[in-house]
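Contents: one structure, followed by commentary.
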Amino acid sequence: MAGPELVFAPLGGIGEIGMNLSIYGVGVGARRQWLIVDCGVAFASEDHLPGIDLILPDIRYLIAERHNIVGLVLTHGHEDHMGALIDLWPRLKAPLYATPFTAALFEARRLSEPGAPEIPVNIVPLGARLTLGPFDVEFINVAHSIPESNALAIRTAAGTVLHTGDWKIDPTPLIGAPTDQARLVALGAEGVLALIGDSTNAVRDGRSPSESDVARTLAELVRTAPARVAVTTFASHVGRIRAVADAARAVGREVVVVGRAMERVAQVARETGYLDGVQDFRGVETYGYLPPDKVLALCTGSQGEPRAALARIAEDEHPEITLARGDRVIFSSRTIPGNEKAVARVINGLVAQGVEVITDRDQLVHVSGHPRRAELLDMIGWVRPKILIPAHGEALHLAEHARLARQAGVPNVLVCRNGDLVRLAPLGAEIIDEVPAGRLYRDGALLVNAEAPTVAARRRLGFGGMVSIALALSEKGALAADPEIELIGIPETDAAGRPMADVARDAVEETFETLPKPRRADPDSVAEAVRRAVRSAIAQRWNKKPICHVHVLVV
Ligand SMILES: [Zn+2]
Ligand SMILES: [Zn+2]
């Protein structure tokens, strides 16, 4: 039972939150054509990956297949879906498609990055249907935490895939239309082979509250605030920005936008009509002149980012914005796992200034943009896929989404990993191969392979410091001068007060003296023997092993 072959391969976003990049292929072997969906980043945590800001998907497979790529479609403008484009698109140069808000936000992001390349985006209207090679791609509106999130109905000769992107069901979103149930039901009636779907909240029962519920809470908290109010949220959450602006206007407060990312999004949202009817925001310079009960600061920094507005306010280091006892700060956000310490630092800074802090643990000041279990079941019921592959989640989320789908009667549920090549048709879902996949780190101005030893070495350096030793050796194998020893990041003395440099020096000299004569003339053996001896001498006193570098110079 042959037929056209349709395959799917995630190159990121499976088993992790972030770095979303999926590819769909039609055809066989060298004649297979590819459609790329999204190209996002993941954020690195400082403890685990010192010096690394961002994690990007490794696209070496796509670079090799670049002549067979028919297009790259963005579902929406979150960084975990488009944040890798500025770095990676130049290596692919595939035609790029996005709806107006996503395209405008991407352009604004690109312009904010000095030296970023020109990247043309084909702007497609909401609800558009595009033909890209063997793929017929329809954009279907879904509610999410940013304007213009789209599920993609990808029709091919081998069957139709629904790639949900990030979505939730919200009957009363503040911006844009609700999730297009009618289109999804119609698609289900037409027949859906496979659903590749958002698993982020698959462990949570029930349904997520609406953005309108959050707006009501925010309005009440702004109304009852005795003095100044600051609200922080995700910069791209235009619906929330609107809710905050409405809450401020209702009680005669001016909105001051603080932080570049938030200013950028507000600007893009105005240009694309998503803040129509919302009052003009004021510049930060007006903040100090407004009475405390006439101002609301809308700030970046909900994740505790140390350079963002709120962290600087919490440290009392912001040039324009100050808070004091009796002021109220609302975190209209959720702390992304990994950022807990940074957020706690900001909250503690604020509380120490006497500021009242309200988070989503106290009040309904935030809802997720992802579907909970009852919503996932609705989607399955509307679309009735033959195959379901959980995506956009860590292992637990994927497993829970899979279990739910099986309980709901989806005949073929498959959990896969980044780099798996999954055949969807003919003959049902099966992992048939693997394609190269992995991670790249953005390290300063460079992209480095995650498997390269750089970052591991940096972590070891951070943990155990380094000893650098230079030895001058005569041709006969005698020490020609005192060894040069430098310790970096190692305690100066041991518990008995003895300098660690002396410990290292003794280890060098003892090793040298006990080394058999013939080996003393061999620089490599000298270096290796000294390295081992110094590390173990320091480890004996410190219980930690530094990196040790020995340079032997024959003079
Ligand atoms: Zn998203
Ligand atoms: Zn996402």
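The values are calculated or read from the model by the stated rules, or taken from the named source; none is laboratory data. Quick caveat, the model's predicted, so the values are computed rather than measured. Quick reminder, even Gly has a Cβ in these numbers, built from the backbone with ideal geometry, and neighbours come from all protein chains shown. Protein only, heavy atoms only, side chains kept; ligands, DNA and RNA dropped before computing areas. Shrake-Rupley method; radii C 1.70, N 1.55, O 1.52, S 1.80 Å.
Summary of values
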| quantity | calculated |
| --- | --- |
| DSSP bridge orientation in the range 98-231 - percent antiparallel, rounded to nearest 5 | 80 |
| Angle in degrees between helix 181-190 and the longest Cα principal axis of the chain, rounded to the nearest 10 | 90 |
| Positive-pole candidate from Val238, Ala189, Gly133, dipole of the range 104-248, charges at beta carbon | Val238 |
| Charge dipole (debye, nearest 20) of the chain; +1 at Cβ of Lys and Arg, -1 at Cβ of Asp and Glu | 680 |
| Distance between the range 327-352 and the range 409-460 - C-alpha centres, whole angstrom | 33 |
| Whole-number percent relative contact order across the chain, with pairs defined as alpha carbons under 8 Å at least 6 apart | 15 |
| Selection from Val534, Gly381, Val7, by position along the positive dipole direction of the chain (Cβ) | Gly381 |
| Between the range 77-140 and the range 152-170, the alpha-carbon center distance in angstrom | 18 |
| Order by protection proxy (mean Cβ within 10 Å, highest first), peptides 358-367, 376-385, 97-106, 244-253 | 97-106, 376-385, 244-253, 358-367 |
| Largest-first principal axis extents of the Cα set of the range 424-555 (Å) | 73, 37, 29 |
| Angle between the chain longest axis and helix 211-223 axis [Cα atoms, degrees, rounded to 10] | 80 |
| The range 1-150, relative contact order [Cα under 8 Å, separation at least 6], % | 18 |
| Segments 69-78, 209-218 sorted - mean Cβ within 10 Å per residue, highest first | 69-78, 209-218 |
| Simple Cβ-charge dipole of the range 452-555, Lys/Arg +1 and Asp/Glu -1, about Cα centre, in debye nearest 20 | 540 |
| Å² of accessible area per residue within the range 375-487, as computed with a 1.4 Å probe and no ligands counted | 49 |
| Probe 1.4 Å - accessible area at Arg520, Å² to nearest ten | 50 |
| Listed residues Gly393, Gly409, Gly419: farthest to the positive end of the dipole of the range 379-426 (Cβ charges) | Gly409 |
| Share, in percent, of DSSP beta bridges within the range 364-457 that are antiparallel, nearest 5 | 80 |
| Distance cut-off 22 Å, percentage of C-alpha pairs in the range 147-247 lying past it | 46 |
| Helix 260-271 axis, angle to the chain major axis (alpha carbon atoms, nearest 10°) | 20 |
| From the C-alpha gyration tensor of the range 110-153, square roots of 5λ in Å | 25, 17, 8 |
| Heavy atoms of Glu220 accessible to a 1.4 Å probe, total area in Å² rounded to 10 | 90 |
| Length-normalised contact order for the range 1-79 - Cα pairs under 8 Å, 6+ apart - percent | 26 |
| Heavy-atom SASA rank of Lys544, Lys476, Lys517 (probe 1.4 Å, accessible area, largest first) | Lys476, Lys517, Lys544 |
| Alpha carbon centroid spacing (whole Å) that separates the range 14-52 from the range 210-254 | 35 |
| Evaluated over the chain, the Cα radius of gyration and Dmax, each in Å | 28.4, 88 |
